[in-house]
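Asks: Take a look at this one; I'll ask things after.
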Amino acid sequence: MYPCEGRFQGLDFALSDLFAQYRRDMMTNPARRILLVEDEKAIRDAVSAYLEREGYWVTPAADGEIALTEFEKHRFDVVVLDLMLPKISGEEVCRSIRDTSDVPIIMLTAKGETEDRIAGLELGADDYLVKPFSPRELVARVRALLRRARADEEPQRDRLDFGDLVIDVAGHKTFLNGEELDLTASEFKLLVTLARYPGRVYTRMELVEKVLGYDFEGYERTIDSHVKNLRAKIHDDPREPRFIWTVHGVGYRFEAPQAEEG
């Protein structure tokens, strides 16, 4: 045996152990699959490299036709979709996907106008990035969407009871001291979002995403208006709150009132 042969055998065993661990990890925590639809090869390759480096399994598509074919063949956890595509437009691809799936979609667009962004979100996209963008930012957006998707999959209670305040989530009704309140859809969603996790602090941007479904800068203060209206309807004084507390400089949290001692 050559002097170094034993070391090579040790290395082989070490690599074998690492590969076995990798296979076990992939079985228990499989890579999330991303459909990347982008006709510009340079952007497609750069984004693929960043996503793959983070452990995602990327399926690239250079046009809308390939994108829909791949989507029919495989299950994807996130779709990254350029709007300006050959053969079938990004808008049509988004519409087709939304007909059969609620998979999270991030739109890539060269159009920066507010109306264009709103149009994309109304088609069913969950998020958007305006070109040119940082691939690192896109990876961060993908992570955030996957976190939200996992949270949505968690089992949820259909009824939240806080004594005077009762929220019938399944029936889309809220009662205060036994009387039904007239809440708007946004107010109800805001209340449910906060009340599901008492004590958790939500930033305004998180509430915009969860309640309004988009994350435009400038819309954060819209949440303040919804909170103000909601507080008035549940008779919650912001100076002495029982339910909704302001976390200054951050956002809001919901607290379950302590039962009063007799």
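The values are calculated or read from the model by the stated rules, or taken from the named source; none is laboratory data. This one's a predicted model, so the numbers in the text were calculated from it and none came from an experiment. Neighbour counts run over all protein chains shown; Cβ positions are idealised from the backbone, glycine included. Protein only, heavy atoms only, side chains kept; ligands, DNA and RNA dropped before computing areas. Shrake-Rupley method; radii C 1.70, N 1.55, O 1.52, S 1.80 Å.
Asks: Keeping to the stretch 225-256, report how many residues are under 15 Å from residue 202 (Cα atoms), surrounded by fewer than 14 Cβ atoms within 10 Å (Cβ to Cβ) and touching a residue at least 12 places away in the same chain (Cβ under 8 Å).
Replies: First pass over the stretch 225-256, keeping only residues under 15 Å from residue 202 (Cα atoms): 226-227, 243-255.
Imposing the further condition that a residue be surrounded by fewer than 14 Cβ atoms within 10 Å (Cβ to Cβ) reduces the set to 247-250.
In the following step, the residues that additionally are touching a residue at least 12 places away in the same chain (Cβ under 8 Å) were identified as 247, 250.
Residues that pass the stated criteria total 2.
Asks: Something else about it: At least 3 residues that are modelled with pLDDT of 85 or more and open to solvent by less than 30 Å² (accessible area, probe 1.4 Å) in each: list the helices (runs of 4 or more DSSP H) lying fully within the stretch 20-137 that qualify. Write out each step before concluding.
Replies: Working: elements: 41-53, 64-73, 90-100, 114-122.
Counting at least 3 such residues, we get 41-53, 90-100.
Per-residue answers, yes or no, for (1) in contact with a Phe, Trp or Tyr (Cβ under 9 Å, 6 or more places away or on another chain); (2) touching a residue at least 60 places away in the same chain (Cβ under 8 Å); (3) of a type outside the set (Phe, Trp, Tyr):
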position: 70; (1), (2), (3): yes, no, yes
position: 92; (1), (2), (3): no, no, yes
position: 97; (1), (2), (3): yes, no, yes
position: 126; (1), (2), (3): yes, yes, yes
position: 130; (1), (2), (3): no, no, yes
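Asks: To continue, here is another question. Among the numbered criteria (1) assigned to a loop (DSSP other than H, G, I, E, B); (2) modelled with pLDDT of 85 or more; (3) open to solvent by less than 50 Å² (accessible area, probe 1.4 Å); (4) not β-branched (Val, Ile, Thr), which single criterion is violated by residue 187?
Replies: (1)
Asks: Still on this model: Can you pull out every residue in the stretch 30-52 that is acidic (Asp, Glu) and touching a residue at least 60 places away in the same chain (Cβ under 8 Å)?
Replies: Taking the stretch 30-52 first, the residues acidic (Asp, Glu) are 38-40, 45, 52.
If the condition is that a residue be acidic (Asp, Glu) and touching a residue at least 60 places away in the same chain (Cβ under 8 Å), then 38 is the only one that fits.
Asks: Let me ask another. Could you grab the pairs with beta carbons closer than 7 Å, sequence gap of 6+ or different chains, first residue in the stretch 167-179 and exposed (fewer than 13 other Cβ atoms within 10 Å of the Cβ), second one hydrophobic (A, V, I, L, M, F, W, C)?
Replies: 172/188
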